[in-house]
Amino acid sequence: MDGSLRVVITGATSGLGREMARQLALSGARVAITGRRAAKLDEVAKLVEQSGGVALPLVGSVADAADVKAHYAVIRAAWGGLDWAVLNAGVGDSNNARTFSAEHYHWTFATNVGGVVNWLAAVIPDMVAAGRGTIAGVASIAGWRGLPQSGAYSASKAAVITLLESARVDLRGTGVKVVTICPGFVRSEMTARNDAKDMIFLLDTDDGVRRMIRGIRAGRRIVHFPWPLSLFMKYVVHNMPGALYDAVVSRLVSRRKRPYVDESRPPPADHGAPGRPGAPGEGGASASA
Ligand SMILES: NC(=O)c1ccc[n+]([C@@H]2O[C@H](COP(=O)([O-])OP(=O)(O)OC[C@H]3O[C@@H](n4cnc5c(N)ncnc54)[C@H](OP(=O)(O)O)[C@@H]3O)[C@@H](O)[C@H]2O)c1
């Protein structure tokens with residue numbers, strides 16, 4: 001069914017991106033996969049080929065405009081363009097505003113927002129010229145409100161949501177669809193650093209990715225899941241008056257017995273975050289989703 005589908009998935013060395021590459025390969029898609037960890041990218045390329053797809057591994061950072069330009073040039077030369085661009089690469093760690101880190105904020109934005117921006121610039125001209133294509137950006141339900149200890153992450157995902165909304169309006173009538181994906185909690189390297197008790201309605205990776213692919217295929221404007229959590233966030237929390245939100249959330253945080261950041265968990269290696277080379281800023285997200 002997807003035999004001729006040409007897809008790029010950014011951030012495909014682990015988690016949602018890796019699983020999406022595998023699932024699309026099962027139906028014969030051609031999948032360009034990006035990420036900074038070359039060895040992991042090779043593993044995913046093998047997985048794609050074993051699953052029946054065609055892999056095009058591209059090592060580099062979405063935050064680097066030159067890397068993204070070079071990656072798209074390789075894809076264009078190999079396949080002539082793309083049907084889907086799944087802009088999934090992202091980072092998410094906690095940082096309490098009481099110890100506000102500009103470095104943490106800039107690192108988060110460079111990847112989560114800068115990565116989407118660099119890829120939009122690369123793919124939009126050819127998709128518009130072809131009169132077709134789907135851009136699917138992975139935001140988060142965390143982008144619908146400023147979550148505690150997650151200012152940089154929430155703000156970056158809010159930026160992705162609004163950026164994609166504007167692009168969707170601008171591209172209306174060109175044949176190019178823009179899909180915004182807002183997952184709740186899904187198992188991945190990122191959520192493995194969270195305290196499991198904070199992740200309500202946690203989905204297995206394959207389940208979360210199936211929902212993402214279904215939404216992209218259907219060309220839905222917003223894909224959010226799992227619905228008990230995402231509808232609560234979208235219609236109750238998102239619309240809660242600011243004063244009530246501040247009061248309720250700060251009360252919940254102050255009554256917490258467990259620390260948000262579990263410092264005993266080792267950070268994942270080789271994530272190139274600020275502060276400690278090869279490790280995320282604070283060694284674990286409060287509950288990044
Ligand atoms: N899992 C959830 O519950 C959840 C919920 C809502 C939204 N999300 C979003 O889903 C996306 C995927 O996250 P995940 O949960 O699958 O986490 P993950 O397992 O940590 O995967 C993140 C991916 O992003 C890549 N990445 C990070 N920085 C990059 C950079 N500068 N350039 C290129 N690739 C980069 C990583 O590859 P390298 O380290 O090899 O570069 C990795 O492949 C993220 O945007 C995340 O915010 C996840």
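The values are calculated or read from the model by the stated rules, or taken from the named source; none is laboratory data. Bear in mind that the values here come from a model prediction, so they are computed numbers and not experimental data. In this analysis, Cβ positions are derived from the backbone assuming ideal geometry, glycine residues included, and neighbour counts consider all displayed protein chains.
Among the listed residues Arg217, Arg168, which satisfies the condition of being among the basic types (Lys, Arg), surrounded by fewer than 23 Cβ atoms within 10 Å (Cβ to Cβ) and within 20 Å of Ala12 (Cβ to Cβ)?
Result: Arg217 is the single residue among Arg217, Arg168 that is among the basic types (Lys, Arg), surrounded by fewer than 23 Cβ atoms within 10 Å (Cβ to Cβ) and within 20 Å of Ala12 (Cβ to Cβ).
Once the stretch 16-39 is narrowed to residues that are surrounded by fewer than 23 Cβ atoms within 10 Å (Cβ to Cβ) and farther than 21 Å from Ala122 by Cα, the residue that is farthest from the ligand (Cβ to nearest atom) is Gly28.
Looking across Ala73, Ala66, one residue alone is of a type in the set (Gly, Ala, Ser), more than 10 Å from the ligand (Cβ to nearest atom) and under 27 Å from Lys157 (Cβ atoms). It is Ala66. Within the stretch 12-53, being part of a loop (DSSP other than H, G, I, E, B) and in contact with a Ser or Thr (Cβ under 7 Å, 6 or more places away or on another chain) holds for Ala12, Ser14, Arg36, Arg37.
Once the stretch 157-201 is narrowed to residues that are among the basic types (Lys, Arg) and in a helix (DSSP H, G or I), the residue that is farthest from Asn112 (Cα to Cα) is Lys197.
Taken together, Ala122, Ala136 contain a single residue that is more than 11 Å from the ligand (Cβ to nearest atom), assigned to a strand (DSSP E or B) and surrounded by 18 or more Cβ atoms within 10 Å (Cβ to Cβ), which is Ala136. Cβ-Cβ contacts under 9 Å between residues 6 or more apart (or on different chains), taken from a first residue in the stretch 37-66 that is small (Gly, Ala, Ser) to a second residue that is modelled with pLDDT under 95, are listed as Gly53/Asp2; Ser61/Gly272. In the stretch 23-47, the residue that is farthest from Trp84 (Cα to Cα) out of those that are of a type in the set (D, E, K, R) and under 17 Å from the mean Cα position of the chain (by Cα) is Arg37. Across the stretch 76-113, the qualifying residues are those that are away from the ligand (no atom under 11 Å from the Cβ) and among the acidic types (Asp, Glu), and the one among them that is surrounded by the fewest Cβ atoms within 10 Å (Cβ to Cβ) is Glu103. Every condition in (1) at pLDDT 95 or above; (2) closer than 26 Å to His238 by Cβ holds for Asn96 except the one numbered (1).
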